[in-house]
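Everything on this sheet refers to the single structure shown next.
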Amino acid sequence: MACINPDGTLAPSAIQVLREAEQPKTAAELAQISGLPLFRVRSSLRELVQAGLLREDGDHFVLTESGRAKLE
Amino acid sequence: MTEETSVVSSPSFPRLNEPAPEFEAVTTHGTIRLSDYRDSWLILFSHPADFTPVCTTEFLAFTEIYPELQKRGVELLGLSIDSVYSHIAWTRNIEEKLGVKIPFPIIADLNKEVATLYGMIQPGASKTETVRAVFIIDPKGILRAMIYYPLTTGRNMDEILRLIDALQTSDKHQVATPANWRPGDKVIVPPPTTAEMAEERVKAGYECVDWYLCKKSLE
């Protein structure tokens, strides 16, 4: 249940996290809003940052241009 | 004829009240690090193998107590030396045959990395399977309790819940819990460390057998 599938498509939980990150948020805020457990959100955020879809700004996560394009 | 010597490394064992060893592992819910569980309690547990009868009953039992664990801020993370595909096939089989969806991730520890870090492989029991180990890790990542069961014996979920309740009660009220303690029972006041404190203790209104064994109710 990785958040990015091998073919590059996103799992529903990843899409949810990306949408919520249009406004910068912390992992805890994203967990609260999405209803996903915090460990799942942290794991997904790491994967999304590695894929260049999010970037870290302190303890906040911000949608990148690639992330925005992925949502369109 | 050459004589080969092999060095068998002794398994490491984590220690209570020290940081639980960090890991990054492939699970049925993606790649997870121990530190992803920071700020929540975690029960990390190992089982010998997928598609085995005692383990199947344990997974049903862990799933049954999962809502109670979540109420206490506790997450579950399973582990065995099987592939993620085996884990997926087994949990799908459990859902299909028994109607129970396994809600927590399971580590696919094929290279035995996490199992070795946590002393889950005990060669006297099995060289290829993990024993039934349970590690309770607190929100700061500190290992707070360990239980080891043999391959033949399924774990007691009541005891695991009781242990969580006892640890959380000890943390919240700075007390200890007596044998067979259950939530609502009296707790043990930490023993005094000076003669003066001992004298004060017996006057303090606790239920005391003597100065070193005093109990009180929690409001």
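The values are calculated or read from the model by the stated rules, or taken from the named source; none is laboratory data. In this text the structure is predicted, and so the values were computed from the model without any measurement. Every residue, glycine among them, receives a Cβ derived from its backbone with ideal geometry; neighbour counts consider all protein chains shown. We work out accessible area using only protein heavy atoms, side chains counted, and drop any ligands, DNA or RNA first. Shrake-Rupley method; radii C 1.70, N 1.55, O 1.52, S 1.80 Å.
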Query raised in the report: Just a yes or no: is a residue in region A:33-48 of a type in the set (Gly, Ala, Ser), out of contact with any strand residue (DSSP E or B) (no Cβ under 6 Å at 6 or more places or on another chain) and more than 21 Å from residue B:104 (Cα to Cα)?
Result: no
Query raised in the report: For region B:35-74, which residues satisfy the criterion of being hydroxyl-bearing (Ser, Thr, Tyr) and either crowded, with 21+ Cβ neighbours inside 10 Å or in a loop (DSSP other than H, G, I, E, B) (or both)?
Result: B:37, B:40, B:46, B:52
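Yes or no: residue B:103 open to solvent by less than 60 Å² (accessible area, probe 1.4 Å), part of a loop (DSSP other than H, G, I, E, B), not hydroxyl-bearing (Ser, Thr, Tyr) and not assigned by TED's automatic domain parsing to the domain that holds residue B:54?
no
Only one residue in A:48, A:53 is of a type in the set (A, V, I, L, M, F, W, C) and over 27 Å from residue B:92 (Cβ atoms), so which one is that?
Result of the check over A:48, A:53: A:53.
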Report task. With the checklist (1) open to solvent by 50 Å² or more (accessible area, probe 1.4 Å); (2) within 22 Å of residue B:87 (Cα to Cα) in hand, flag the one item residue A:13 doesn't pass. Result -> (1)
Query raised in the report: Quick check: is even one residue across region B:109-119 touching a helix residue (DSSP H, G or I) at 6+ places or on another chain (Cβ under 9 Å), within 14 Å of another protein chain (Cβ to nearest Cβ) and either crowded, with 22+ Cβ neighbours inside 10 Å or within 23 Å of residue A:40 (Cα to Cα) (or both)?
Result: no
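Which of the residues that make up region A:25-55 are away from chain B (no Cβ under 14 Å) and loosely packed, with under 13 Cβ neighbours inside 10 Å? Before you say what the answer is, go through the steps one by one.
Our first condition is that a residue be away from chain B (no Cβ under 14 Å); within region A:25-55, this holds for A:25, A:33-34, A:52-55.
Matches in region A:25-55: A:52 only.
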